[in-house]
Amino acid sequence: MDDTTVPPETASPLPLSEQEAVASVPDPKPDSPRDAQRMSQSGGYVMAAFSGPIPDPYALKIYGEIDPTYPERLLAMAERQEAHRQAEEIRQKELEKIAIESYIAFNQAKHNLARQKHLERIKYQTRGQWLGIVLVSFFLMGAIYVTMNGHDW
């Protein structure tokens, strides 16, 4: 068993506190020439990538050695940033919802206006047709009356 593993009988089922987590991070640099030799024989390079506002555990441990409050302050800063980001995402979704509702309302108003104009055109066309029928009927009745009474053309 190497130095970085925890025996199962000593492993705690509860998560480690922040300080214990920082303290449990192994030093990536070899402690002895034998560790360096073992690393070089086995291909010896370990690559890790960390992204985000929190530095990698080793750097966090070093920051803790410089000032014991740095790790807690960095974690608090990351938590504030995450809360801010989530609040902005919620705000963005609310603005998108308002924009979509406004777009729908605008299109409905536009559709209602177009429908209203169409109904007005139909009303005027119907009025014109009725007026035409009345005039044609009037002139037809006049022609029949004049013809029946012997008017010469």
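Coupling constants for region 74-81 follow from the phi torsions by the Karplus curve (6.51 cos²θ - 1.76 cosθ + 1.60, θ = phi - 60°), and in residue order they are 5, 5, 5, 4, 5, 5, 5, 4 Hz; glycine and proline get x. Shape call for region 73-153 from the C-alpha gyration tensor, a ≥ b ≥ c root eigenvalues: rounded (a/c under 1.5), prolate (a/b greater than b/c) or oblate? Prolate, since a/c reaches 1.5 and a/b exceeds b/c. Working ranking of peptides 83-91, 55-63 by packing, defined as the average number of other Cβ atoms within 10 Å per residue, highest first, is 55-63, 83-91. Shown for region 61-130: the carbon plus sulfur share of the solvent-accessible area, taken with all protein chains present and a 1.4 angstrom probe, equals 57%.
The values are calculated or read from the model by the stated rules, or taken from the named source; none is laboratory data. Keep in mind that what you see is a predicted model, and the values were worked out from it rather than measured. Please note: Cβ atoms are built from the backbone with ideal geometry, for glycine as well, and neighbour counts cover all protein chains shown. Note: areas computed on protein heavy atoms with side chains; ligands, DNA, RNA excluded. Shrake-Rupley method; radii C 1.70, N 1.55, O 1.52, S 1.80 Å.
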